[in-house]
Amino acid sequence: MKTPPLMHGKLPHPVVRDPKHIKGVRSVATVEFTKGVIVMLAGLGLLTMRHRSIWGVAESLLEFLHVNPYHHFVGVFIDLISKLSDVRLWKLAVIASVYVIIRFIEAYGLWYTLPWAEWMAAITGAIYVPFEADDFFRKPSWFRFAVLFINLLIVFYMLYLRFDAERKKVAARRS
């Protein structure tokens, strides 16, 4: 396993050699990277709509998808489109950029099994749990359940890894 570059002549963390640990953390890194890519593509898609007729783009998209115009989500989409302006598009692009940068940094750290990235994954995942749980209990669906379940799984797995590493460090000091 390659380690990240040395920082000030010292390794920033102990090298993890457990294949299960590496495989699990890299799976989470892949999820985080994928979330970043999806938001980046959505943000770039939004930015391409500036200085264009947003209604024309929305109408073409709905036609292309053969969506029922009376469906609830179509109404929500049309409502969102009607409130968009160039300034709002730029604000959304900045927010998306910050989110993507955070996801990519987290994915990098997880790929190299850095402890700070495991803490970051646990904390950033835990931030979403109350909102996802509220969303699930208001409108239960298999998709909402899967999102909540996967997020909880990631949070608890990251916490398990961090506390297990701390336990092993304490045990190594005692022996």
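Figures for the structure shown
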item: Enumeration of residues in the range 1-51 that are modelled with pLDDT of 80 or more and among the hydroxyl-bearing types (Ser, Thr, Tyr); result: Ser27, Thr30, Thr34
item: Scope the range 129-164; condition polar (S, T, N, Q) and either over 18 Å from the mean Cα position of the chain (by Cα) or loosely packed, with under 12 Cβ neighbours inside 10 Å (or both); matching residues; result: Ser141
item: Residue, surrounded by the fewest Cβ atoms within 10 Å (Cβ to Cβ), within the range 82-94, restricted to residues that are within 23 Å of the chain's Cα centre (by Cα) and either of a type in the set (D, E, K, R) or modelled with pLDDT of 90 or more (or both); result: Lys91
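Let's see how each residue does on (1) polar (S, T, N, Q); (2) under 27 Å from Lys168 (Cβ atoms); (3) over 16 Å from the mean Cα position of the chain (by Cα); (4) surrounded by fewer than 13 Cβ atoms within 10 Å (Cβ to Cβ):
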position	(1), (2), (3), (4)
Gly75	no, no, yes, yes
Leu80	no, no, yes, yes
Phe104	no, no, no, no
Ala107	no, yes, no, no
Ala122	no, yes, no, no
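The values are calculated or read from the model by the stated rules, or taken from the named source; none is laboratory data. On a predicted model such as this, the values are computed, not experimentally measured, just so you know. Neighbour counts run over all protein chains shown; Cβ positions are idealised from the backbone, glycine included.
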